[in-house]
Structure formats: C-alpha cells, structure tokens
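Have a look at the structure below, then the notes.
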Amino acid sequence: MVRSLKNALAAGSLALALLAPAGAAAQDVLGLPIGTQAPAASVQDLDGKPVQLLDMIGKGKPTLLEFWATWCEQCEVLQPQLDRIQKEMGSQVNVIAVAVGVNQTPRRIQRHLQDHNPGYPFVFDARGDAVRKYQAMTTSIVMLLDKNGKVVYADVGPQQDLVGAVRKLLGATQ
C-alpha cells in the first residue's frame with residue numbers, strides 16, 4: 001500500500017514535470033515570477049464545463065490560487081490556513097483551488113469535497129493548461145495575485161505562511 005502510494009506520488013510529480021515548458025529554469029518551478037500578470041488558462045468546473053481561470057481572478061480583490069490534488073499531503077498540511085483565510089478574509093480575497101489533472105478526476109475531487117468543503121471554488125485542470133501557464137510543476141504551489149491580477153507572492157510546500165501573506169497584501173491594499 002505504501003509502495004503504491006509512493007509510486008503514484010512519484011508518477012504524479014513526474015507527469016507534472018513533463019508538462020513544463022521546454023527550457024523552464026529551476027526558479028520557474030515555484031510558479032510565475034513576482035510582478036507577472038496572470039495569464040489566461042482554460043480549466044473546467046467539476047461538472048466538466050469549460051471555465052476561463054481569468055474570469056475568476058481579480059473582480060476588484062486579490063486572489064489566492066493553490067495548485068492542489070486530493071493525494072497531496074503538503075496540500076493537506078496547508079488546508080487549515082486556507083480554511084482560516086476563507087473564514088476570516090473570504091469577503092476580501094478570492095480563494096481558488098486548481099486541481100491538477102494527475103491521478104484524479106472531477107468525481108474524486110467531488111467525493112473529497114463531500115468530507116471537507118471549504119466554501120471556495122475548485123476547478124479541474126484536466127489538460128494541464130493552468131499548470132503550464134502558471135509554471136506550477138508540482139502541487140502545493142500557492143500564488144497570491146493582487147486585485148489587478150499581478151503575482152505578488154509565489155511559494156511551494158507546507159511551511160508557507162499563507163495567512164501572513166494574505167494579511168500583508170490586504171494591509172497594503174487598504
């Protein structure tokens with residue numbers, strides 16, 4: 001069982017890495033550089049309907065994007081912070097989970113959300129368009145965009161201080 005899980009995680013990481021644009025530099029693995037304008041990307045809602053990610057970003061307030069998977073242990077560690085951001089600052093910031101299309105399906109994501117629905121939207125990146133365009137070559141990458149859609153924060157892993165990053169951005173925009 002553990003070996004199967006490790007193999008699945010390794011395959012998922014490899015698959016995400018293979019989606020990287022040719023010549024992607026090591027520093028690009030953490031997402032878009034600070035100051036970059038959020039690009040257009042085609043994703044799906046969990047019913048399979050097409051969604052343009054840019055249509056969900058901005059709207060006069062900052063956006064937190066997490067590149068996420070049901071099998072991502074690091075994402076699970078970040079979840080309490082995302083829940084807190086949604087609960088305490090959800091009226092001031094959009095939170096969006098971009099479910100990567102590796103080893104999961106919309107149905108699996110929906111089952112996960114039956115047990116824990118944090119109150120913000122999840123979209124499915126079935127074809128890897130958002131992964132490529134946002135240079136999110138692994139899960140647990142979080143990008144914080146200002147109200148104009150420019151990247152002001154990008155990091156990866158379970159040690160991120162997302163609550164602090166959002167508070168800092170909100171303090172700067174008020």
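Quick notes on this one:
- A single member of V98, V93, V43, V77 is at pLDDT 95 or above, closer than 26 Å to L170 by Cα and in contact with a Phe, Trp or Tyr (Cβ under 8 Å, 6 or more places away or on another chain), and it is V98.
- Strands (runs of 3 or more DSSP E) wholly inside the range 30-145 that include at least 1 residues being more than 23 Å from Q159 (Cα to Cα) and open to solvent by less than 40 Å² (accessible area, probe 1.4 Å): 42-44, 50-52, 122-125
- Criterion applied to G164, G171 was being modelled with pLDDT under 95, more than 24 Å from Q52 (Cβ to Cβ) and either assigned to a strand (DSSP E or B) or open to solvent by less than 70 Å² (accessible area, probe 1.4 Å) (or both), and the one residue passing it is G171.
- A single member of T63, T105 is closer than 24 Å to K133 by Cβ and without any contact (Cβ under 8 Å) to a residue 60 or more places away in the chain, and it is T105.
The values are calculated or read from the model by the stated rules, or taken from the named source; none is laboratory data. Predicted model, so just to flag it, every value in this text is computed and none were measured. Ideal geometry is used to build each Cβ from the backbone, glycine not excepted, and the neighbour counts take in all protein chains shown. When the accessible area is computed, the model is the full protein with side chains, heavy atoms only, and any ligands, DNA or RNA have been set aside. Shrake-Rupley method; radii C 1.70, N 1.55, O 1.52, S 1.80 Å.
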